[in-house]
Amino acid sequence: MIINKWFLREYLDQVTIGWFDDNDLPPETLEEYSECVREMRLLAENRRELDKLKLAFEAVLADPETDYRSLGNGRYAYSADQVKDIILYCYRTFWPDATVRQDGFQDVTLVDTAFAEYQAERQKTQLEK
């Protein structure tokens, strides 16, 4: 399966940008993101993309070459470790009994296109549903 990195960024924005709607500084613990993470899950469920989101999370977590900093959008400059921790927190919250498949990224190809190209493809996909 091919998954655009903008897909992953779009969901992570629920946390990395959403948190700062009401806060000036990042939380002291990952658990403080729980409301943003809940909203991420609701969005994925409403769009019927929870399975795809799981594959995207597994792909980045299993790939030692992942550039986590490139996935953390927003006005706060998240470190690579912070973005990885947020992804792990989301993954473990959504699927508490699952373990990250170390071969997960072999099933998924992550591509990074221009945002406009991603948006056009996203709109096309939404119309087909």
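Since every read-out is calculated from the coordinates, none of them should be taken as a lab result. All values derive from a computational prediction rather than experimental measurement. Cβ atoms come from the backbone with ideal geometry, glycine included; neighbour counts cover every protein chain shown.
Summary of computed values
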quantity	calculated
Label-to-label distance, nm, for residues given as L88 and R41 (7 Å Cα→Cβ offset)	1.9
Prolate/oblate/rounded label for the chain (Cα gyration tensor, a/c 1.5)	rounded
Cβ-Cβ FRET estimate between T113 and S34, R0 fixed at 25 Å, reported to 0.05	0.20
Choice from L43, L55, L71 showing the highest fluctuation, given a GNM over the chain with Cα pairs closer than 10 Å	L43
